[in-house]
Amino acid sequence: MADIAALVTVHGETVLAGPTFGSAEAAIAQAELAGLTVERRIGFDRPKPGVLDHFEQSAFDGWIKTVHDFGDQGATRNALAQLAGADFLAFLDADDLWSENFLSEGTLELKRLRDQGVKAIAHPEVNWFFEGHNNCLQLLSSDDPLMTPEYCVFANPYDAMGLAPREAHLDFPYGGRDTAAGYAVEDWQWSLETLAAGWKHVVIENTIVFKRRQAMSQSRIATQAAAVVRNYEPLRIDRLSQLIPTSSSG
Amino acid sequence: MHQSSLDDISPPFVGVLAFLGNLSRVKGVREMASDKRRILAAFLYLSCISASKTQFHAQTRAFRAMLQGPKESRSGQLLQRRALARISGLPQEVSYKRLFRRWVDAGIPGNPMGILAGGTSEQPDEDAFKDFVLNRAWTGELATSDDAEKGPTTSASFQEVHGLLAQIGEPEVPQQVLNGNPQATAEIIADMKRLNAAGYATNITSMVAHQTLYPGEAMAMVAERGRRAKELKQRLTTGAMAALVRKAAQFEPLVAHPARGPNSYVIPPNPNVALTASLKRLYDELERRPAKHVVVTNRCGMSGAARVAATASHAFATLEPDTSPDDIVVIRTEHSDLEYPQWFPEGVRHLDFPGLILSSAQPERKKLLLAVLRGLAPQTILNVNSRLLWDITLAHGKVFSDQSRFFAYFFCSDMRADGYEAGYPVEFFYRAMGEVNGFITDSDDLADTLRSRYMLPDNAPGLHVLRTPLLDPVPPVQRAPSDADATTTARPKILWAGRFDRQKRVDLLVEIARTMPDVDFLVWGKAVLDAGRDPMPSLPNLIRKGTYSDFAELPLSEAHAWLYTSAWDGVPTLLMDVAAAGVPLVGSLVGGTGEVMHDGLAVGLKPDASAKDYVTAIRQVIADQEGAWARAAILADRIRDERNLTRYREDLRDILAQKDGN
């Protein structure tokens, strides 16, 4: 059993994934320097033509590859969580990049918290958006004084590019998409459900995830903007104030 | 005001004064140089809040606990207040918000909670707190509890609030948001100016939002967000994280494009503090309890739609045995006015949506209404003419109809000035089909029009006619005997009421009145949709009576007839009231009015009838008062039988059951 599973989901990325895997290998190397063991996995979800061939290069020989037919990134992540043989799972989209310290710093912090009996999920301190967008968002730990439950109604406080104990993903698999009905933000749902279940979300100081935001069509922007979480129970008017865990253990 | 002196300052901060010379080179501070005391306060405040992030978190959590107390721990809050009262000699019921401001202004490190923990190296001890608070002239200003700070809400105080906002060039903040409290408003503005002077850009809306989200800590939180943004920029450009950016750019140089760096460094609550705070205000107003049934309407003024919203509320309140009015929420989405609360069941929760939110931007209004409707987790959502709900129906209707029973009312179409049809039935019938569980009309006429226009099969589901019931109708009126005796000597009276809007054909009323100078026309109403234009000229026999709050207060028994002149309509509730009262009716047959003015029992005129036609009809009714009142009495009985709340409730239950598959 490895300490960390580095899990990259791929759909249509080929050359675009080059920088992603470069950053992933750097982060893995730093984690291994810190004495952590890392399992490498790629999950292809309905890969576009040419994608599988691209990943036949020897550079990816160290990665365990599985092909899935979900057409749903959340479902692919669920499958990878089931397959992973590691205590902690870190997901990365094939067009994003980790800062090289994220895996090591995040895992060490989660281990420390676990030793204290704290159920915690780690996130980078900063989301750095580039290419189509050009800004930085500081994430908040769930016990940050600036964090309010109402914030979680309008913004996904934590996306899927975090680092979590495997049990968090097994206990809370990503919900299915239904874009026709307007439900399409499975990582937002996941954040809410884990928060509501008492998981503490912590940001790891001085770590970054670089998130590529390519230009989108107006219709795609509109569709994404209209998407909402399916399960609103954690955000219900009588439950919202209890969304943020008040104690340090879950 | 606070009189700062070196006696107020803890020893660690005396050294800070040495830096004031450097500070005075900063432009913003130079501008404050005329007020050295403000420089001192601002600088010490900055020092206080620029402690390490961890220390700040601990401080703010403790402040929050002290100032507000977690809801689940009121007893803990009381104990803290007792302890502070014991140490300081202050009464328990003081304004801790003001105490906090004094604490910050004095630049004392740590926080009062440290005292309760016995004092630590970072926290003041009891003596320090006593020194801070005892024998200070300003403690007198604390002698008001935070609860009492809400203050008066008279129109005069609202005007004063408006004046204060106008002074700072931000009159747009909803005045209700500030509770009509000039003192609290002035304090918030003062906090805003203080922060701006200290280099933290903020505005009144942001201050109110922070006050909502972090009661008693608004200043600290605004400053904290500003501090973090600056710090984040520094760390990412030249500090510890810059190396990580450079390393990532080795894999993907686009990370570091463009050269100017990120456009913004965003510190949550993002994307908008006002949005987040608005939801908190709305949820607090709703007492953080779910609802079984939600009625969403544009306004609760003088309109048939408001009457229907009230009627539906009555029906919902008795739909199930375990439902109480408290389970029903009525949301006004466009206008704050609630002119006739008495129409609604007592205990219904009313939500003044525009009066509570901090942003009037349409995308944010949509997000907030979506959040409220989902957060209430209702079994039923009923749209009664809410424009905002229609606007979000096309994007999120399936979410509502998936998780609730989502129905929308259509009344009549509107008519544009150029004669073309407009309004919700035109805009939304086919577009919202599939988004809602069903449409409800108040008239067979409109349902027939829609079925015909869209060639719906006879058994097509989803379009229902629901006869609006009478709501607390007046008893049938008896014609006044004195009038009957005096028909040849007294001036006949014709009653007319309605909005002074284009739809109601005030022009026709005026022309009729001009043609009948021997008849008095008693008129109730005001311009609503066409507000600002008063189309009613001054005529000796056109007697304006203002508005009425209760239909029963009208002199119905003295009427010779009720005149109704609408150019287009659904089934007007006013017309139902008149018919149920047994007053002779002369009116236009448009839309669904014929569903009230039954043939032979009222005088209906074609839509294109002229003033002359109306005059002829009115003269006939005046001439045959006995016959007219007798026919009106029959109509009254029929309307009362057809339109009652029990029948409406049962029909509504059947309609809602169709969503449930029953």
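Shape class for segment B:463-614, computed from the alpha carbon gyration tensor (a ≥ b ≥ c): rounded, with a/c under 1.5. Residues B:Ser452, B:Ser538 in ascending order of nearby Cβ atoms (within 10 Å, fewest first): B:Ser538, B:Ser452. Note on A:Phe21, B:Phe251: ascending count of other Cβ atoms within 10 Å places them as B:Phe251, A:Phe21, the fewest first. Taking amide H positions as modeled 1.01 Å from N, with prolines and chain starts lacking one, the residues under 5 Å from B:Phe500 and 5 or more places away or on another chain are B:Lys526, B:Ala527, B:Val528. Across segment A:91-143, the relative contact order, built from alpha-carbon pairs under 8 Å that are at least six residues apart, equals 21 percent. Once backbone amide H atoms are built at 1.01 Å from N, B:Ser264 has A:Cys136 as its partners under 5 Å, excluding neighbours fewer than 5 places away on the same chain. Using only side-chain charges placed at the Cβ, +1 for Lys and Arg and -1 for Asp and Glu, the dipole size of chain A relative to its Cα centre rounds to 400 debye.
With a ≥ b ≥ c taken as the square roots of the eigenvalues of the C-alpha gyration tensor of segment B:601-662, please select rounded if a/c is under 1.5 and otherwise prolate if a/b is larger than b/c or oblate if it is not? Since a/c reaches 1.5 but b/c is at least a/b, the shape of segment B:601-662 is classed as oblate. Taken about its Cα centre, segment B:171-241 carries a charge dipole of roughly 400 debye when the Cβ of each Lys and Arg holds +1 and the Cβ of each Asp and Glu holds -1. With neighbour counts taken as other beta-carbon atoms within 10 Å, the residues B:Arg643, B:Arg451 rank, fewest first, as B:Arg451, B:Arg643. By definition, a body whose alpha carbon gyration tensor gives a ≥ b ≥ c is prolate when a/c is 1.5 or more and a/b is larger than b/c, and segment B:188-344 fits this prolate description. Think of chain A as a dipole: +1 on every Lys or Arg Cβ, -1 on every Asp or Glu Cβ, centred on the Cα centre; then among A:Thr194, A:Ser104, A:Asn127, A:Thr194 lies furthest on the positive end. Among the listed pairs A:Lys211/B:Lys247; A:Lys65/A:Lys111; B:Lys193/B:Lys230, which are separated by more than 22 Å between their Cα atoms? Table pairs above 22 Å Cα-Cα are A:Lys65/A:Lys111. Candidate cross-link partners of A:Lys48 among the aspartates and glutamates, defined by an alpha-carbon separation under 18 Å and a same-chain spacing of 8 or more, comprise A:Glu13, A:Glu56, A:Asp69, A:Asp72, A:Asp93, A:Asp95. Taking amide H atoms as placed 1.01 Å from N in the peptide plane, the amide H of A:Lys119 lies under 5 Å from those of A:Lys200, A:Gly250, each 5 or more residues away in sequence or on another chain. Relative to the Cα centre, the charge distribution of segment B:212-290, modelled as +1 at Lys and Arg Cβ and -1 at Asp and Glu Cβ, gives a dipole magnitude of about 300 debye.
Coordinate-derived values only; no laboratory data. Remember, predicted model here, so these are calculated numbers, not experimental data. Counting neighbours? That spans all protein chains shown, and the Cβs are built from the backbone with ideal geometry, glycine included.
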